[in-house]
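Q: The structure that follows is given in the form of C-alpha cells.
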Amino acid sequence: MVLTFGVTILLLAGGSGPASAQDPGPIGPYVVDARGSFVSVGQVTELATNRGLHPGQLSAWGLGLDVGAHVYVFKWRGITFGVGASALFAAPSKTLENDEQGSYGPTVKTRFTAVSPQLSFNFGDGDGWSYLSGGLGTSRMTVYEDQPTLPEQRSAGTLNYGGGARWFVRPGLALSLDIRIFAISPLAATDTKPGSPRMTRMAFNIGASFN
C-alpha cells in the first residue's frame, strides 16, 4: 500500500508541467495529508509478558494510515509557522507456527493509534517545503489474542515529533514524505487492565498532500 501510493504520485509528477514557470508564492495557506504508513509496533518483552504472551508472538512492524491537516499562520524570516493535528492507525497481526507438524498458535493482534496536535516549522515556498513538527497528544497500544471483541486499553500521554517534506507536482497536489517518532509514557497495571512500559515507536509515512 505504501509503495503503491508513492509510485502513483511519482507518475503524476512525470506528467506535470514545470513549477518554476510561475512565482511559487508562499507556503500554504493550508494542507491536508493522506499517507500510507510503515509503523514500528515492536516486540517488547514487558508489553508481552504483562498479557501472558511471548515477545515473538507480537508483530514487529505493520502497515497503517496517517492523516493530518495544517494551517499556516505567519512567517518570520525564513520560517513559516503552522498549527494542525495528525492521527495514525495501524493494526498488524501475527500467527506463529507451533511445531514441525504445522499446527499454529493463536493469532495475536496489535492495534496502535496515536492522535496529536502539532506545531510546525516550515522552510521553503509554495512549490514545496520541508518541516519539523511536534506536539503532545495521546496514543493507545492494544495487544491481544484474536477474539470477537476488542479489549479495552487506556490511552497514554505521547510526545509526537518528526519531520518531512512536500513536493508539489501540480497545483494542489504534492508528494509527501514524513518520519514520525512517538515517545509513549508508561501505564501502571490495575486490577482489570495490564500495564505498559515506556516505549518509543517510529512511523515512515509516504503519500499525498492537498491544498
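Condition check ((1) free of Cβ contacts under 8 Å to residues at least 24 places away in the same chain; (2) in contact with a helix residue (DSSP H, G or I) (Cβ under 9 Å, 6 or more places away or on another chain); (3) assigned to a loop (DSSP other than H, G, I, E, B)) across all residues:
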{"site": "G124", "(1), (2), (3)": "no, no, no"}
{"site": "S130", "(1), (2), (3)": "no, no, no"}
{"site": "G135", "(1), (2), (3)": "no, no, no"}
{"site": "T142", "(1), (2), (3)": "no, no, no"}
{"site": "P151", "(1), (2), (3)": "yes, no, yes"}
{"site": "R154", "(1), (2), (3)": "no, no, yes"}
{"site": "Y161", "(1), (2), (3)": "no, no, no"}
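Q: For region 169-191, which positions are over 15 Å from A69 (Cα atoms), touching a residue at least 24 places away in the same chain (Cβ under 8 Å), outside any strand (DSSP E or B) and of a type outside the set (S, T, Y)?
A: P186, A189, listed by residue number.
Q: Considering only residues that are among the charged types (D, E, K, R) and within 17 Å of F81 (Cα to Cα), look in region 118-174 and name the one that is surrounded by the most Cβ atoms within 10 Å (Cβ to Cβ).
A: R166
Q: Right, another one. Counting only residues that are surrounded by 20 or more Cβ atoms within 10 Å (Cβ to Cβ) and touching a Lys or Arg at 6+ places or on another chain (Cβ under 8 Å), which one in region 59-82 is modelled with the lowest pLDDT?
A: S59
Q: Report yes if some residue within region 183-193 is more than 20 Å from V108 (Cα to Cα) and surrounded by 18 or more Cβ atoms within 10 Å (Cβ to Cβ); otherwise report no.
A: For region 183-193, residues more than 20 Å from V108 (Cα to Cα) and surrounded by 18 or more Cβ atoms within 10 Å (Cβ to Cβ): present.
Q: Do you know which residues across region 101-117 are among the charged types (D, E, K, R) and surrounded by fewer than 16 Cβ atoms within 10 Å (Cβ to Cβ)?
A: none
Q: Please work out which residue is surrounded by the most Cβ atoms within 10 Å (Cβ to Cβ), limiting yourself to region 32-58 and to residues that are in a strand (DSSP E or B) and out of contact with any helix residue (DSSP H, G or I) (no Cβ under 8 Å at 6 or more places or on another chain). Before the answer, list the steps.
A: Here is the first cut: in region 32-58, the residues in a strand (DSSP E or B) are 32-40.
In the following step, the residues that additionally are out of contact with any helix residue (DSSP H, G or I) (no Cβ under 8 Å at 6 or more places or on another chain) were identified as 32-34, 39-40.
Numbers: V32: 14, D33: 21, A34: 16, V39: 27, S40: 19.
Checking each candidate, the answer is V39.
Q: Scan region 140-159 and give yes if some residue there is closer than 30 Å to P24 by Cα and of a type outside the set (F, W, Y), otherwise no.
A: No, that holds for no residue.
Per-residue answers, yes or no, for (1) over 30 Å from L119 (Cα atoms); (2) not aliphatic (A, V, I, L, M):
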residue: G36; (1), (2): no, yes
residue: S40; (1), (2): no, yes
residue: Q43; (1), (2): yes, yes
residue: A48; (1), (2): yes, no
residue: G52; (1), (2): yes, yes
residue: S93; (1), (2): yes, yes
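The values are calculated or read from the model by the stated rules, or taken from the named source; none is laboratory data. For clarity, every value in this text was computed on a predicted model and none was experimentally measured. Neighbour counts are summed over all protein chains in view; Cβ atoms, including those assigned to glycine, are modelled from backbone coordinates with ideal geometry.
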